[in-house]
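Right, one structure below, let's go through it.
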Amino acid sequence: MMDHKDNQKIDSTEIVTDNRALSKLQNFWYHNKWTVIIVAFFVCVVLVCTVQMLNKDKQDVTVLCGTTVRMDAEQREAFLAALSKVCPEDYDQDGERQVGMVDYQVFSEDEINVMVETEVDGEMVTVERPQVSLQWNTEQYNNLRNAIAKTGEYSLCFASPYVYETLLPGYVVEGKAVRLGDTDFYRYHEAVQVLPADTMVCLLREFAIGESSKDDVYERSVALYEAIVAYDVKD
């Protein structure tokens, strides 16, 4: 049987061992803490980015929208569901046809200052449209112009008459622009009617850069444009 002195020796040895290990760990941390912190940071960034990429919704086609309308979440979801329904193929083969959208809300000067009828206390009255910041509107306009003219990322565009007349000349394929309200696709899908009937749906020309420079990606936009224009409620 071990006596009290033996127990003391064992306990003392364990304490010395623990202290040595702790001392080595503290020494390592003192000399390498910034390296460890930096490596840990980049590992976290890589993990977060990887998770986001794996969880990110994949779009078969992405459309561009420049109108006076700002859709809320429910309207946007319903609008994109209608587009996804007529998307010809599941191009990325992930099990569903999915259309994405990048949109900008842009007003002409006349549209900013327009008077509209609205109901107030049960009566219809004429009021001025809520003030739109000119600086914000200019930023939206410039961002939309860059998306159309400089990135080459988008080939199918929904445009207000103002955007169509001021930003799209020279970028639309000849004969590939129709008034959305004249299509059965618009008349049949209530969700699409969130956009005004005079919205133009346009096929933009191919670019030498961006997604539209890839023939297979561009053809997806061509096919979706044709599906919208040729949509027949009888089908």
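The values are calculated or read from the model by the stated rules, or taken from the named source; none is laboratory data. Values in this document were obtained by computation on a predicted structure and should not be read as measured data. A quick note on method: Cβ atoms are made from the backbone with ideal geometry, for glycine too, and the neighbour counts reach across all protein chains shown. Remember, those area values only see protein heavy atoms, side chains included, never the ligands or the DNA or RNA. Shrake-Rupley method; radii C 1.70, N 1.55, O 1.52, S 1.80 Å.
Between the alpha-carbon centres of segment 203-218 and segment 93-122 there is a gap of 26 Å.
Give, as a single signed number, the net charge of other residues whose beta carbon lies under 15 Å from the beta carbon of Gln75, with Lys and Arg counted +1 and Asp and Glu -1. Display every interim value, and only then the final one.
Details: positive: Arg70, Arg76; negative: Asp72, Glu74, Glu77, Asp103, Glu190.
Taking every other residue near Gln75 into account, the sum is -3.
When Tyr164, Tyr171 are compared by accessible area at a 1.4 angstrom probe, the order from most to least is Tyr164, Tyr171.
Heavy-atom accessible area for Met200, with the other protein chains in place and a 1.4 Å probe, reaches approximately 30 Å². Counted by Cβ distance under 10 Å from Val229, the other residues give a net charge of -2, where Lys and Arg count +1 and Asp and Glu count -1. Residues His31, His189, ordered by accessible area of protein heavy atoms at a 1.4 angstrom probe radius and largest first, appear as His31, His189. Along its first, second and third principal axes, ordered by size, segment 81-235 spans 52, 39, 30 Å in Cα coordinates.
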